[in-house]
1. Looking only at segment A:1-31, which residues are part of a loop (DSSP other than H, G, I, E, B) and at the interface with chain B (Cβ under 7 Å from one of its Cβ atoms)?
2. When segment A:302-335 is examined, which residues are found to be touching a residue at least 40 places away in the same chain (Cβ under 8 Å), among the charged types (D, E, K, R) and within 15 Å of residue A:228 (Cα to Cα)?
3. Can you confirm whether segment B:213-223 contains a residue that is part of a helix (DSSP H, G or I), of a type outside the set (Gly, Ala, Ser) and either surrounded by fewer than 23 Cβ atoms within 10 Å (Cβ to Cβ) or in contact (Cβ under 8 Å) with a residue 40 or more places away in the chain (or both)?
4. Among the numbered criteria (1) within 21 Å of the chain's Cα centre (by Cα); (2) among the basic types (Lys, Arg); (3) more than 10 Å from chain B (Cβ to nearest Cβ), which single criterion is violated by residue A:213?
5. Only residues that are under 23 Å from residue A:19 (Cβ atoms), touching a strand residue (DSSP E or B) at 6+ places or on another chain (Cβ under 8 Å), facing another protein chain (nearest Cβ under 10 Å) and part of a loop (DSSP other than H, G, I, E, B): list them for segment B:265-307, please.
6. Within the bounds of segment B:32-53, is there any residue that is within 14 Å of another protein chain (Cβ to nearest Cβ) and over 24 Å from the mean Cα position of the chain (by Cα)?
7. Exactly one of (1) outside any helix (DSSP H, G or I); (2) more than 14 Å from chain A (Cβ to nearest Cβ); (3) farther than 18 Å from residue B:262 by Cβ is unmet by residue B:141. Its number?
8. Restricting to segment B:105-126, and then to whatever is in a strand (DSSP E or B) and either within 14 Å of chain A (Cβ to nearest Cβ) or of a type in the set (Lys, Arg) (or both), can you tell me which residue is farthest from residue B:174 (Cα to Cα)?
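The values are calculated or read from the model by the stated rules, or taken from the named source; none is laboratory data. Small disclaimer: the values here were computed from a predicted structure and weren't measured. Cβ placement follows ideal geometry from the backbone for every residue including glycine, while neighbour counts extend to all protein chains displayed.
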There are 2 protein chains.
Amino acid sequence: MSELRKDPVSRRWVIFSPDRAHRPVDVKPKAEENMQEDIKNCPFCEGKEKTSGAEILAYDKVLGRKPNTPGWWVRVLENKYPALESRETLEKTAEGIYDWMNDLGRHEIIVETPNHFIQLPELTEEEIEKVLLSFKERYYNIKNNPHIEYILIFKNYGKEAGASLQHSHSQLIATPVVPNRIKEEIKNSHEYYTFRDRCIFCDIVTQELSSKKRIIEENQDFVSFVFYAGRFPYETWILPKEHASNFEDTSIEKIRSLSEILKKTLSKIQKALNDTPYNLVFHTLPVKMKDKEYYHWHIEIMPKTTRVAGFEWGSGFYINPILPEDAAKILNSME
Amino acid sequence: MSELRKDPVSRRWVIFSPDRAHRPVDVKPKAEENMQEDIKNCPFCEGKEKTSGAEILAYDKVLGRKPNTPGWWVRVLENKYPALESRETLEKTAEGIYDWMNDLGRHEIIVETPNHFIQLPELTEEEIEKVLLSFKERYYNIKNNPHIEYILIFKNYGKEAGASLQHSHSQLIATPVVPNRIKEEIKNSHEYYTFRDRCIFCDIVTQELSSKKRIIEENQDFVSFVFYAGRFPYETWILPKEHASNFEDTSIEKIRSLSEILKKTLSKIQKALNDTPYNLVFHTLPVKMKDKEYYHWHIEIMPKTTRVAGFEWGSGFYINPILPEDAAKILNSME
C-alpha cells in the first residue's frame, strides 16, 4: 500500500510505494541482455496472459477471444505493483505541518504488442494506431471517477529511462491531484494568452514550421521538431498543427496521422542514437478541463544520453551539450 | 562557447554547452574502476597542478607555496569545460517568440583533497572545514559581479550522479538569473510566512526534532534528517537549527559544526548504501537578497538508488519506494 506526502517547500507530491521495491526486473544494460533467457519470465508475452496483471481491455486479433488468453494486438493490464490503486474514498490529513493523502488512483500497463522482440517504432502504423486508441479508450473510462484529477500516459524505454521490463509497453497513472508540472504549464500558457491573445504552443508551431531549422517530421495534422530549449540532447516534441487542448478528443483520422509521425520520429531518434533509452510523455489538460484556447496537448520525447546532476536538481536549470539545430541535422540524416 | 535559451512554457533556462561534450571522463561503474590506471590521467591530483584548469584559490599546506604547485589542502580551479564563463557584458535577445542570453557566469571546481584515493566523507573534520571555507570565500568574491544573480554550490559523486572525474571535488556555478527552483522555494516560503508569521524551514526543524523519527545527526548548530517528502530514497537534508537565510554568512565556529555533521551524515549514507552515487546541493538566498526571515539555507543530499522516469518528467511527482522513517532506521543502524 502506498501513501502520498507533500513537500511543503516545493509543494510537490511524492508517492511512497514500498511494494514497488519488490517488482520484477528484466531490463539490463544492452551488453548483458539475453533475450532468449529473458523471454521465459516475461509476463507480457503472448501465451503468458495468466501470469500478468488482470486484463482491463484488449484489442482482439481472434474473433471470440476470451480475456486473459492469446490472440490480441494490444492488452491493457492492472499493474501488479501499482504506485496508486482504485479506492472508494480519498483520505487527506495533516501530519503536523506536513500534508498526507492515501494512494487513490490508477496504474495500468499497456502492452503494445504480443511479440517480445519488437519495440514500438518497429510496429506497423496500424498497430501503433491500436496502442493510441487504447490510450484514448482508457482515458475516457477513468475520467469518470470523480476523485481523478489527472491522467498521465507515458513510456519508459531502456534501463537508463527507468524501464523495469523489456517487453514493449506504455503506462498510465491517474492521480488525485493535478501534477505541479501541468499546473505550471497551464498557468504560464494562460498568462501568455492573456498577454497576446494567442496560444503559446500555436506560436511555437508557427515559428518552427517557418524557420524549418529544427523540424524532424511533418504530415497533414502533426509536426515534430527538436525543441528550441530542450532539457536533454535530441529532446523532440510532437504537436497537432491545429489547436487542440485535449488528447482524448483526437479523431480517429488524426490518431492515424499521429501513429505515422510517432513511428517516423521515434525511428529517426532510435537510429541516430543507437537504440538509446528514452522517456515519452503525453501532456494534456487535466480531466476536469476542456477545450481551452490557451493550452495545446503534445508529446515530449526525451532520449537519455546525459545524466541529470546536482546543478540540475538544485536549480531547475539544465545543461544540454547539443544545439537543437545540430541534433535535427543528425536526426534528419537518418533516412 | 555556450548560450542560454528559455523554454517559454516552463520558463526554465537551459544552458547549451557544446564544448562540454569534449570534457574528459574517468568515472566508470564501480566494477570497471582501475584506480591505478585512472590516477595517471587525473588532472586534480597533487603534482598535476599544471594540467588542471588555472588555480583561483588554494589553502596551502606548505609555507610560501607558489600557485599551481604541490603543497595544498584545497584548490579552487577554473573549469576547463565551463558551462558559463566570465564575460564583460550580458547580452539578451529574442529569437522570434523565444528568449536567448549569452553564457555570462562562472564555473569553478573545488578539489577537496590532493589525494586521489580519499573521498569527502573520509576527510578529517578539519579538512572538510577548509572545503566549506573555500565555498564561502569564492561566494563572497563572485557576488560582487553585478550580473551574477545566483551562486549554486554542489557535488556530484559517482557516475549515476553525473560525475565525470573520480577525484573528490565539488563545483560552483554562478548564473545571471535566479534559477526557477530557488524562485519557487522563495515564493512558497514567503507565502507560508505571510500566512503564519513563521519560517517554514524553522517549523520543519522543530517538528523533526520533536518527532525524532527521521533524525540522522544533531549537534549544537545543525540537524540532519531524512526528509518527510523526499523525492529519492534516503534523501537527507541538513539545516542550521537557528534561523539563517544566507549560507555565506555562516560563522567560522558554525562552519566547524557543519563540517562535523556533514562528515557524520555522509558517512552513514555511504556505509548504508554501499558507496552509492549521490548529489549534494546547497540551497541559499540569491546573492542580492539578505537576511530574510522566511528563508532558511540548507543542504540537500540525494543518493541515486532509483532512476527518474517518464512519470516524474511528465508530472513533477516522484515515486519513492522507501518510507523516510524506514530509511532513517537503516542509516542509524550504521555506527
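1. A:7, A:8, A:9, A:10, A:11, A:12, A:17
2. Passing the criteria: only A:325.
3. Checking segment B:213-223: not a single residue is part of a helix (DSSP H, G or I), of a type outside the set (Gly, Ala, Ser) and either surrounded by fewer than 23 Cβ atoms within 10 Å (Cβ to Cβ) or in contact (Cβ under 8 Å) with a residue 40 or more places away in the chain (or both).
4. (1)
5. Hits for segment B:265-307 are B:304, B:306.
6. Yes: one or more hits.
7. (1)
8. Among them, the one singled out is B:110.
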